[in-house]
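Below is one structure, written out as structure tokens; the observations come after it.
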Amino acid sequence: MTAIKIYNTLAREKQTFIPMQSGKVRMYVCGMTVYDYCHLGHARVMVVFDMVQRWLRASGLDVDYVRNITDIDDKIIKRAVENGESISQLTQRFIDAMDQDAAALGVQKPDHEPRATQYVPQMLGLIEKLERNGLAYKALDGDVNYSVRDFAQYGKLSGKSLDDLRAGERVELNTGKRDPLDFVLWKASKESEPDEVKWDSPWGKGRPGWHIECSAMSCELLGEQFDIHGGGEDLQFPHHENEIAQSEGAHQHTFVNYWMHNGFIRVDNEKMSKSLGNFFTIRDVLKKYDPEIVRFFILRAHYRSPLNYSDAHLDDAKHALTRLYTALKVLFDLANEVNKTKSPVLARQLTQLAGVIALLQRVPQEFLQAGPASTEQGGYTEAMITAQINARTAAKKAKNFAEADSIRTELLNNGIVLEDKPGGITEWRRA
């Protein structure tokens, strides 16, 4: 097997990947918080790490891939209360939507997809360990917090120094904390919160903090130490930094060997996010663009680089993918020629290589004739195009070439390209 190299955020360099167990890889990726539809930034996380797990498997490795679902947090509670529905109703609706979006983009389901609410006992056990190790304490307000300054290696992933961190940039000042840099492990219940988000604990009724979720779920499913942990660049600090503090503080040994982070998707040089209000949902983008175009748009850029979103960039991805499918069509067509060439072999090699990352797997004609999900491009359905082609063929037979040219021009102006083939056959594709 060819050596695989991974840029390890923790080491700040590209390193040869050596699994802890020969031939096997354990990988955890931080998934979605399900209170709304996924946007294109979420799509990048799903597609990038889908590509990673596909490549690892194609390299002959046995992969155990976990991508979690956060189905309890402040935003979820707020949205459910606003909607007048239960937490479980809200989260299940958006989990279903996420699954639909992911499937459209060719993202394979992970081997495990744990939900935070299913692992509260494991979170409580982890917090108890931290308390015994002198790294967790109950504050006067009832919350249980992590004592950041008591974990000597805090900041090793992000490179941030405790002395350089200002409380105002990290957290709201909370008089219940010993230090403003401390973060919550267990949140004490509020009277106003629904009963379904109140769990019993040694510290009273409450619910888990966000960071403890991933530490508990990854440990339960992959062990106290595993190979790869991934997620978006925005999670490097504080979320992943806090995961390290929790997991290594509890178990007293290394948590993860290789950390991978994908870059942001940007709009007008700002990170795409719901908080900034500059996001485009996956399903809205798929109303205009074929899902494979969106996947290609994401994968053609290096996963750690920023990716600028615009219709122009997606159009460019569409044209590039169209050229690949057109070349593939030509290669397959050449297989029927009398002369013996290597074209069929090249076609198979191209589809096999692209198949590793789930591209170029459709019949070329299917892709070239596919329209957006919401409406056919230019308002032309396949039946309408076929009727126009037949009318053009009839016009040519009647030697009414002006009419034939007019039909071709009309179709072209509406994004339909006609290609005349030997034997009087006319094929079409969308521009």
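Structure notes:
- Restricting attention to region 61-82, the residues that are closer than 20 Å to ILE212 by Cα, touching a residue at least 12 places away in the same chain (Cβ under 8 Å) and not basic (Lys, Arg) add up to 10.
- Counted residues, region 103-125 - those being open to solvent by 10 Å² or more (accessible area, probe 1.4 Å) and either assigned to a helix (DSSP H, G or I) or modelled with pLDDT under 95 (or both): 8
- If you go through region 199-218 and keep only what is open to solvent by less than 40 Å² (accessible area, probe 1.4 Å), assigned to a helix (DSSP H, G or I) and in contact with a strand residue (DSSP E or B) (Cβ under 9 Å, 6 or more places away or on another chain), you end up with HIS211, ILE212, GLU213, CYS214, ALA216, MET217, SER218.
- On inspection, ALA104 qualifies as of a type in the set (Gly, Ala, Ser) and in contact (Cβ under 8 Å) with a residue 60 or more places away in the chain.
- Within region 34-62, tally of residues that are open to solvent by less than 40 Å² (accessible area, probe 1.4 Å) and not in a helix (DSSP H, G or I): 7
- Qualifying residue in region 142-163 (condition: at pLDDT 95 or above, within 30 Å of LEU90 (Cβ to Cβ) and open to solvent by 20 Å² or more (accessible area, probe 1.4 Å)): yes
- Residue in region 70-79 that is within 30 Å of VAL184 (Cβ to Cβ), open to solvent by 10 Å² or more (accessible area, probe 1.4 Å), more than 20 Å from the chain's Cα centre (by Cα) and aliphatic (A, V, I, L, M) present: yes
- Test: residue in region 19-29 that is outside any helix (DSSP H, G or I), touching a residue at least 12 places away in the same chain (Cβ under 8 Å) and among the small types (Gly, Ala, Ser): yes
The values are calculated or read from the model by the stated rules, or taken from the named source; none is laboratory data. Everything quoted here is computed from the prediction, not taken from an experiment. For neighbour counting, all protein chains shown are included, and Cβ atoms are generated from backbone atoms with ideal geometry for every residue, glycine included. Each accessible area value is taken on the protein alone, full model and side chains, heavy atoms only, with ligands, DNA and RNA left out. Shrake-Rupley method; radii C 1.70, N 1.55, O 1.52, S 1.80 Å.
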